[in-house]
Amino acid sequence: MISLYLAERTWLHGVPAGWKLLALALVSLFVAPFDALAPMAGLLAATLALYATLGRPALRQIALLRPMWPLIAILLAFHWWRGDPMLGVAVALRLLAMVLLANAVTMTTRMDAMMDAVEPLLRPLALVGVSPRAVALAVAMMIRFVPLLFALWEALGESWRARTGRRGGWRLLAPFCIQTLRLSHHTAEALAARGGVPGTLPRTRRQ
């Protein structure tokens, strides 16, 4: 269903999901105040070094960043227009590093492990009648879908270039939205066929 998960086990697979998610959150909070170019370049270099320790399959996933280049170009152009191009470069480096770090977590963490790590934080929701397991599934799927959507955009772009010899650009938006809706529909059907969210019961069966 969703898988950019690395089948080849690495050292990062052995780190508990909770620790990986906590580390990702802490890094996000730590780098947020920095706008200097040198720290952001160092962050991206450290992230690429992390990928190198995970082997070639992980390094190949860096290609998922290609759909982000239009966004990066817009960021750089905006900051250049504002008269601070170096700030734009720093922001772009931080964005690239954080996306790669998030992808490193998703490609080395199983969906059920991610849900088990998130669910304890959501237990207070049960007091208002919301299933923590259902919300944990939604959070885990949101995290896992991000790299998958990047891969989908890249596949559509490659298909367009194969047919026309040109870049797709904005022309890919319509097929991308259609494929995303199909993916969400198939995912919902797969969950329904398996009895819904584990650990929850349909409302009609609770009564």
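The values are calculated or read from the model by the stated rules, or taken from the named source; none is laboratory data. Bear in mind the structure is a predicted one, so any value in this text is a computation, not a measurement. No Cβ is skipped: glycine too gets one built from the backbone with ideal geometry, and neighbour counts run over all protein chains shown. We work out accessible area using only protein heavy atoms, side chains counted, and drop any ligands, DNA or RNA first. Shrake-Rupley method; radii C 1.70, N 1.55, O 1.52, S 1.80 Å.
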Given (1) more than 19 Å from the chain's Cα centre (by Cα); (2) at pLDDT 80 or above; (3) not hydrophobic (A, V, I, L, M, F, W, C), where does Gly168 come up short, assuming only one miss?
(2)
Please determine, by comparing only the residues of region 12-61 that are over 16 Å from the mean Cα position of the chain (by Cα) and of a type in the set (Phe, Trp, Tyr), which one is farthest from Leu121 (Cα to Cα).
Phe34
Looking at Ala49, Ala63, Ala23 in this structure, which one is closer than 25 Å to Ala117 by Cα and assigned to a helix (DSSP H, G or I)?
Ala23
Residue list for region 8-25, restricted to those being open to solvent by 100 Å² or more (accessible area, probe 1.4 Å) and either of a type outside the set (Phe, Trp, Tyr) or free of Cβ contacts under 8 Å to residues at least 40 places away in the same chain (or both):
Glu8, Arg9, Trp19
Determine, yes or no, whether Asp116 is in contact (Cβ under 8 Å) with a residue 12 or more places away in the chain and surrounded by fewer than 20 Cβ atoms within 10 Å (Cβ to Cβ).
yes
Out of (1) open to solvent by 40 Å² or more (accessible area, probe 1.4 Å); (2) within 30 Å of Leu181 (Cα to Cα); (3) not charged (D, E, K, R), the odd one out for Ala58 is which?
(1)
